[in-house]
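Below is one structure, written out as structure tokens; comments come after it.
Just so you know, all these numbers are worked out from the coordinates, no wet-lab data involved. Nothing here was measured: the structure is a model prediction, and the numbers come from that model. Positions of Cβ are generated from backbone atoms using ideal geometry, with glycine treated the same way; all protein chains shown enter the neighbour counts.
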């Protein structure tokens, strides 16, 4: 909150006449024999010790209003202004002056005037509020009333009420309460209105003037409301910077108040600084990025109208790369009167990251993972990640190359080489994979509506499952695939959606070489819906449907089939545990998949509870059988951190298969879907 702004002025001001001093005779003509005159009264009555305290304390200075709270300040006028009698002392019932009392504060007469900001300012600056519910004697309470009387007067002036009357009173509360009641009764008086608005200098904006004038939201006839006027000033400044005026300045508004007419004239001086279009990007140091790469990330091109929002978007995009710790973007006059160059100064962040994790999961066993990453090994933004996993059911080594903002903004090129040995209840697989993908990805900073990917995979895998046991050993598969995906995200948050929906599809034509060559197509559709019920409760639902067309289950590699069960599937069941099983009670996967989830997300501050019901099934046919769904239910806990919700879900199977555990626990970052 800012100190009382000095932009309120009067149309007339007069100086009061000096007091009249009576004339005396010649001071040298004094009779030394004359008796002395009686001693004049010194002005202080001798106190009566037993009398109640009825003397109001002196008025203390009103505390300054803090930055961010512009309050109009009016200078008294002669003749034009309504008379402003001195505020009367607080009405105080007869109490023991030396005794201390607790009290509560009540504002009256502000219906339709006070808003959230008004109340917040009063609560923060009020000395009465600061002492609320604390013992104080009547002298202290009276002094606080006088201070808050001036505070309320200034706050009312900020709303355009220049003739408000404030009267404080102290009285006993109800008989059942021990506290006193301090009442601040406000009589607002008439609200002053704007007679004229002069945006001096805005005409220099040329054809942009009408748009900019409309951006100044305060109009003639509106109340002289300080917050609205300053808000309009800021809106105008923002409109200038977004319409080609990077060097524009909007001076502090000045209101000239006419008390006789109860109106005011608003003057705002605008210096446009000249219209500019974007020029070139200038970088004093291009070790991290070149100016060409920064221009590729920017959403503007040379010659486009300068827009401060585009500059801010570029700043956020540079931060999102993870390669910079700080970035400063400064518009610089190109010197030709037409263009503005953009100076980009970057401080690099540490490019290397070493990470590790230790975990255990039902169906996945114990595992230790470690990774090393250099996020700018191949500039610009060419990241290299080496990762290894050592576990009871998985051993993996991988090398990943990833280039962000490849060829254009938000486009990512990824290459992967991995070697893995995986042992699951459903299958064993020793796999070498080489893949490449180009995609448009979303992230927490820039959540995108449309996301897509196109890729190629070459897989060599030696696998064993229940079908290979029948044939007497392992089977080797050589697979080529061209997976594509397209997703629309209409939700309001990437990790914690509370409204909207998501819909996505994945299609992967594949050729498999195993004794003979055959082809098939894997297709999958995912949809989720989020509906707020109250401010604390959100209902969320999810559906997943998948199918494999063109081959039988036995011919498809076990690692390419559909499976269900687990924290991201049907909670209450083990990982990949749902669906057909062999004679050893191990899952065999299937050609079709159906999953459904429904949960209520109830939030209490930073914590929440989530009751849920999931259902799903795997079928060996092309279409899933919905009459044999496996259902799981449970309760989840949420902790809403700054970077997203942390979830712990505990589920149990409602209609388990033989060998299913009675309880399953899942821990992860983000909601289940």
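For segment 277-348, how big is Rg over Rh, using alpha carbon atoms and the Kirkwood form of Rh?
0.94
Using mean Cβ contacts within 10 Å as the protection proxy, how do 646-656, 440-450 order, highest first?
Ranked by mean Cβ neighbours within 10 Å, highest first: 646-656, 440-450.
Would you mind computing, in nm to one decimal, how far apart the modelled labels at residue 328 and residue 531 are, each placed 7 Å from Cα along Cα→Cβ?
Going from the residue 328 label point to the residue 531 one covers 5.2 nm.
When the chain is fully extended, how far beyond the present Cα-Cα distance does residue 623 get from residue 111, taking 0.36 nm per residue of separation?
Between residue 623 and residue 111, full extension yields 177.9 nm more.
Where does segment 573-673 land on Rg(C-alpha)/(2.2 N^0.38 Å)?
1.21
If we sort 281-288, 521-528 on the protection proxy, mean other Cβ atoms within 10 Å, highest first, what's the order?
521-528, 281-288
How big is the gap, in Å, between the Cα center of segment 449-497 and the Cα center of segment 118-141?
66 Å
Obtain the nm distance between the two label points defined at residue 309 and residue 401 by a simple spin-label model: each point lies 7 Å from its Cα along the Cα-to-C-beta direction.
Between residue 309 and residue 401, the label points sit 3.9 nm apart.
In Å³ and rounded to a whole number, note down the convex hull volume per residue for the Cα atoms of segment 193-271.
Each residue corresponds to 73 Å³ of Cα convex hull volume.
How large is log10 I(q)/I(0) at q = 0.16, 0.21, 0.24 Å⁻¹ when the Debye formula is applied to the Cα atoms of segment 243-322, each weighted equally and without solvent?
Results for segment 243-322 at q = 0.16, 0.21, 0.24 Å⁻¹ read -0.73, -0.99, -1.13.
Dividing the Cα radius of gyration by the Kirkwood radius, what Rg/Rh value follows for segment 350-423?
1.08
Compute the orientation-averaged projected area for segment 215-354 from the convex hull of its Cα atoms and round it to one decimal in nm².
Result: a mean projected hull area of 10.9 nm².
Can you compute the label reach from residue 609? Point 7 Å from Cα along the Cβ direction, backbone N cut-off under 19 Å, restricted to segment 622-651.
Answer for this model: 633-640, 646-651.
With the crude spin-label approximation of a point 7 Å out along Cα→Cβ, what separation in nm comes out for residue 100 versus residue 234?
So the two model labels end up 4.0 nm from each other.
For q values of 0.09, 0.11, 0.14 Å⁻¹, compute log₁₀ I(q)/I(0) with the Debye formula on a Cα-only model of segment 445-575, without solvent.
-0.38, -0.55, -0.79
Alpha carbon centre of segment 583-601 versus segment 147-220: separation in Å?
Computed from Cα coordinates, the inter-centre distance equals 63 Å.
What is the Cα centroid distance between segment 369-387 and segment 632-673, reported in whole angstrom?
32 Å
Given C-alpha coordinates of segment 441-669, what is the ratio Rg to Rh with the Kirkwood estimate of Rh?
Taking Rg over the Kirkwood Rh, I get 1.00.
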